[in-house]
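Have a look at the structure below, then the notes.
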């Protein structure tokens, strides 16, 4: 039942056993093949599924007064679990029933999660694709088009620019502060670390609207600035700092203690150790943390709702006037009754998802490695250096 | 020196005057540069405190006039008429909690089972991809979920809602819908909770998966050695080990559900009474109140919204902090040693 051992272990005959003189009793022994999936297991699953769907169709469509696709599949799934339990009891005995049924629930929930995510992205692509088909969607602003104009006029350039600028402001402020806080937690510690860590964790799921409300109270009402791109960027900063701090701390903790100790043993001071050992070792992980934070920030709607506003005009000045961002544009567009405006909203949502997906892919490819794990190029360079030094030594020895 | 005389007994190397039992006192010299560096890092840590403190400070100062006007009745009043003395979040808070609870009822079973699946059942090569997928689910902007809820799910969920209302409504009153027309089933707390649950799932999944995967390997193998099936092992080893983490994760999910703004304000049709009929249109939450009303920006309204925001801030911060403490304790100091 366990998948800890690879399946090949059971199959490959060990040379020692083959060479040893075989006793007659040992020849009759059968190896147990460790496998998660077996033919009868798979057939039992498929058979139960077929039986459940058929049974459910009869019950749902012919006997019970029910309609609706969602209910059909829900009921069918319950039937499936029941049938599968009975089949398990017949084939593998009663003791295996709970184990097998739970395993079936586990696998189907995993599939459900994958399905939900694909459904989210797929639906956005399906609804947003008509707007993206027109190039003007990326090159024009809504200043050229009204709500009733077709998709061939107007676009979301101003929202894309606004989103990128606000994300840039938030990143520029939140990343240094967040990494400083993470370094404090991982490297300095002490009595103050515990409350700071609890607070960071609590702030990570701070309601988004509170960040907007806070910047509105501080920046707009108290300091007298206007609602602008900078205010929106600051609100995103408030959301981003705890996120970057928390995930960076996790990455810094993965740096092996032995590396730090080696650096101290060479007489390095703490800041030198952090600067030349800890941070470079955790570089890929920190990049992941930062890029995921950026992906989080660009998708936030509520903080920018109060601190900036929707405007159809291009505004590259973050200090003055409202600066629209993609989420804000979507939120506004889907309130219109006109179909073309709703299409534009979905188009902007698709652009937003693409940006998030790109950032996410960057984060994964950069940071998929454990700290200290080397890229192929780095490994090659080390091999080259080793080869060079060995050549030098050889020439020294011969000289 | 020690290399050249390996056979020499160790005591001979020590000076005769030193008492061998007294440990040396090691003093690491802290340079001035290090002191500055530590101060800088400490500043980064304090900055988090300062920001949290500033949020509380500004919400309190800006909402002070509202609290003075409405007093404690702010927490119990159902009307929302800022400018008079009759405004409060009595019904709004309760309606928000109803949505959060619905979201948790849907999200928690799915999330916990997914976490177990990733940590225990999924084939090892798939595991990393699944973890990345759950992270992606957390990174999808909430407005995308909201659009899906409004434009895709809303019309398709009516059938299910009507079926539940017809067949279970007589037994369980909260499932009853009074006026059986299609529009009664839209903009309901149930629909809002369903969409919010999609945002709660990744949080609960990732935290509980982390805790599950830290279960000591020796105890798992002990359970297998005693003849346990895989589910038996999970039930007796993994779940008890991860209990604290699960509770903490659920509480963090509750905090997230309480604070969700955009999906709720797009879906719900705001009402100022407590709507316990969860399938019927009408509901509210503090976050969506702020998002929907900030444009009536007379000073009184803004002050009242700040007061509502302060309540939300205090509630979620308390829930999240408690959850953080529980999660930290459940890891038995493994990762959090100072």
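Every number in this text was worked out from the coordinates using simple rules, so none of it is lab data. Bear in mind that the values here come from a model prediction, so they are computed numbers and not experimental data. No Cβ is skipped: glycine too gets one built from the backbone with ideal geometry, and neighbour counts run over all protein chains shown.
Overview of values
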{"read-out": "Compactness index (Cα Rg / 2.2 N^0.38 Å), the protein assembly as shown", "value": "1.11"}
{"read-out": "Inter-label distance for residue A:57 and residue B:297, nm, one decimal - labels placed 7 Å from Cα along Cα-to-Cβ", "value": "6.0 nm"}
{"read-out": "Simple spin-label estimate for residue A:266 and residue B:226 in nanometres, 7 Å along Cα-Cβ", "value": "5.0 nm"}
{"read-out": "Residue order, fewest to most beta carbons within 10 Å, for A:225, B:58, A:137", "value": "A:225, B:58, A:137"}
{"read-out": "For chain B, calculated [θ]222 nm from helices alone, where every DSSP H run of n ≥ 4 adds -39500 (n - 2.57)", "value": "-20000 deg cm²/dmol"}
{"read-out": "Efficiency of FRET between residue A:279 and residue A:377 - r from beta-carbon atoms, R0 22 angstrom, step 0.05", "value": "0.65"}
{"read-out": "Protection proxy ranking of B:283-293, A:206-216 - average other beta-carbon atoms within 10 Å, highest first", "value": "A:206-216, B:283-293"}
{"read-out": "Chain B: most fluctuating residue of B:114, B:31, B:261 per GNM, C-alpha cutoff 10 Å", "value": "B:31"}
{"read-out": "Modelled label reach - residue B:50, point 7 Å along Cα→Cβ, the range A:231-254 residues with backbone N closer than 20 Å", "value": "A:231-246"}
{"read-out": "Packing-based ranking, highest mean first, of A:89-98, A:316-325 given that Cβ atoms within 10 Å are counted", "value": "A:316-325, A:89-98"}
{"read-out": "Nearest 10 degrees, 0 to 90: helix B:189-213 Cα axis against chain B principal axis", "value": "10 degrees"}
{"read-out": "Förster-model FRET efficiency, 22 Å R0, residue A:118 and residue A:354, C-beta, rounded to 0.05", "value": "0.90"}
{"read-out": "Average partner coverage of B:246-257, which counts Cβ from other chains inside 10 Å", "value": "2"}
{"read-out": "Computed Kirkwood radius, in angstrom, where 1/r is averaged over Cα pairs of chain A", "value": "27.0 Å"}
{"read-out": "Highest to lowest packing among A:258-267, A:357-366, scored as the average C-beta count within 10 Å", "value": "A:357-366, A:258-267"}
{"read-out": "Computed helical MRE - 222 nm, chain A, DSSP H runs ≥ 4 contributing -39500 (n - 2.57), nearest 500", "value": "-21500 deg cm²/dmol"}
{"read-out": "Shielding of A:326-333 by partner chains, average beta-carbon count, 10 Å", "value": "3"}
{"read-out": "Fluctuation leader among A:186, A:103, A:147 - chain A, Gaussian network, Cα springs under 10 angstrom", "value": "A:103"}
{"read-out": "Calculated P(r) of the range A:39-132 - Cα pairs past 15 Å, %", "value": "68 percent"}
{"read-out": "Rounded to whole Å, sorted largest first: equivalent-ellipsoid semi-axes of chain B, Cα gyration tensor", "value": "51, 32, 16"}
{"read-out": "Inter-probe distance in nm under a simple model that places probes 7 Å from Cα toward Cβ, at residue B:21 and residue A:362", "value": "6.3 nm"}
